[in-house]
Amino acid sequence: MQATNDWRAFLVSAPTEEDVIRLTREYVATWSPEQIAQLPAECRPGRIRDGEDIGQWAYELAQAHCSLRFADEHDRLVASLLAFTAEAAARIAEVRARHVMETS
């Protein structure tokens, strides 16, 4: 799995929501089936169709992370995904806000 900070750099420069969605799919694809299997069921990635899917997943990861009910390894994996998805959701919000400002 590539370092999350590398992916964040890609996210910051993503010019469109579609680019953020593509990067999120690519990031998830770097996770091995074993890593995905270690995640709590509610934290495993589902289908990523749009920005709302990313935002919802970030919310679910935050809830799981804050619950502190998982073992250290699970919590580390959840925290890693949360860091990425929170950044992706924030970037989508920025891109959408910029688009609204440009079309107003």
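Bear in mind that the values in this text are calculations on the coordinates, not laboratory data. As the structure is a prediction and not an experimental result, all values here were calculated from the model. Neighbour counts are summed over all protein chains in view; Cβ atoms, including those assigned to glycine, are modelled from backbone coordinates with ideal geometry.
Just a few scattered comments:
- Rounded to the nearest 20 debye, the dipole magnitude of the chain is 40 debye, with +1 charges on Lys and Arg beta carbons, -1 on Asp and Glu beta carbons, and the Cα centre as origin.
- Its residue count N sets the reference 2.2 N^0.38 Å, and the alpha-carbon radius of gyration of region 4-103 equals 1.08 times that reference.
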